[in-house]
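Before any comments, here is the structure.
The values are calculated or read from the model by the stated rules, or taken from the named source; none is laboratory data. Because the structure is a prediction, the values reported are computed rather than measured. Positions of Cβ are generated from backbone atoms using ideal geometry, with glycine treated the same way; all protein chains shown enter the neighbour counts. For the accessible areas, the whole protein counts, side chains as well, though only heavy atoms, and no ligand, DNA or RNA atoms are used. Shrake-Rupley method; radii C 1.70, N 1.55, O 1.52, S 1.80 Å.
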Amino acid sequence: MENIAEVREALCDVRRAHRILYAYQKRMMDIIRYIAKKLDFPVIEGHKHFSNTPSKKIYNGTWAWDYIYTYLFQYYIGEKETDDRNTEYAISIFQFSDTGYFDKENSTRTNLSTFESEEYSESKVLFMLEVKPKESSWWWKVDDIINKKEYASKNHTSTILKEGESTILIYSVAIEKLIDEKSALNVLKEFCSFCEENSILKLSLH
């Protein structure tokens, strides 16, 4: 039987963890809102990934991950036409709070012992940008990107894909580089420069 004092201490850690998560998530939301504002996208949509959306009924097979939103979370900041009105683009920013699952080859989502250790994992954001001719259909297969360990792991930096008439940019940045608005602006400038230097898109900051 577990010692009651040890249980109390563990529950104190749980309370600390929830307060830390609140502060962390508030910081992330502030940074994402700042990035969206600088790119002139006024509305942000949030989408949970990695596990199911919580249901009212908890079944035997329900995952604890279903109730932890921020392990992998998508901020869809919108789509726009370019100035020439012949091309349009869409941007999402994905919050990978922990790359541990994606950093191990044979990991399983409900067995934490198969994840990479906390010390050797990373917290990162992944920008996903699609550019296409206006008359073409969107490719925008989010799950094909964020569930692929090649892109979701800590080692990913940038990838440019061609899918039909669309160009897809996948661009990873460690979250510690986004500690405040000044650092976020530097990251955003680097992202915009990368887009322009690789003839993907010329983005303007506001």
- Message: Among Arg15, Arg85, Arg109, which one shows the highest mean-square fluctuation when the chain is modelled as a Gaussian network with alpha-carbon springs under 10 Å?
- Response: Arg15
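Suppose R0 equals 25 Å; then what is the FRET efficiency for Lys141 and Lys177 from their Cβ-Cβ distance, rounded to the nearest 0.05? Spell out each step's value before the answer.
Details: r = 27 Å, r/R0 = 1.08.
Once the sixth-power term is evaluated, E becomes 0.40.
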- Query: Given labels modelled 7 Å from the Cα in the Cβ direction, how far is it in nm from Gln25 to Ala64?
  - Reply: 1.7 nm
- On Cα atoms only, tilt of 4-38 relative to the major axis of the chain in degrees: 10 degrees
- What figure in square angstrom, to the nearest 10, would you give for the accessible area of Asp83 with a 1.4 Å probe? 150 Å²
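Suppose a student asked you for the relative contact order of region 1-142, using Cα pairs under 8 Å spaced at least 6 residues apart; what percent would you report?
Working: 180 pairs, mean separation 24.1, N = 142.
Averaging sequence separation for qualifying contacts and normalising by length gives 17 percent for region 1-142.
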- Give me the accessible area of Tyr69, 1.4 Å probe, in Å² rounded to the nearest 10. 100 Å²
- Work out from phi, with θ = phi - 60° and the Karplus expression 6.51 cos²θ - 1.76 cosθ + 1.60, the ³J(HN,Hα) of each residue of region 143-153, listed in order in whole Hz, and give x for Gly and Pro. 4, 5, 8, 6, 9, 8, 5, 4, 9, 8, 6
- Task: Mind listing the long-range amide H neighbours of Gly78? Cut-off is under 5 Å, sequence gap 5 or more, other chains count too, H placed in the peptide plane at 1.01 Å from N.
- Result: Ile91
- Between Val7 and Thr159, what is the spin-label point distance in nm, taking each point 7 Å from the Cα along the Cα→C-beta axis? 4.6 nm
- Rounded to the nearest 10 degrees, the helix 181-197 long axis (Cα) sits at an angle to the longest Cα principal axis of the chain of 50 degrees
- Task: Largest first and in whole Å, give the semi-axes of region 1-54's equivalent ellipsoid, each being the square root of 5 times a Cα gyration tensor eigenvalue.
- Result: 36, 15, 5
- List every residue whose amide H lies under 5 Å from the amide H of Thr87, counting only residues 5 or more places away in sequence or on a different chain, with H placed 1.01 Å from N in the peptide plane. Thr82, Lys134
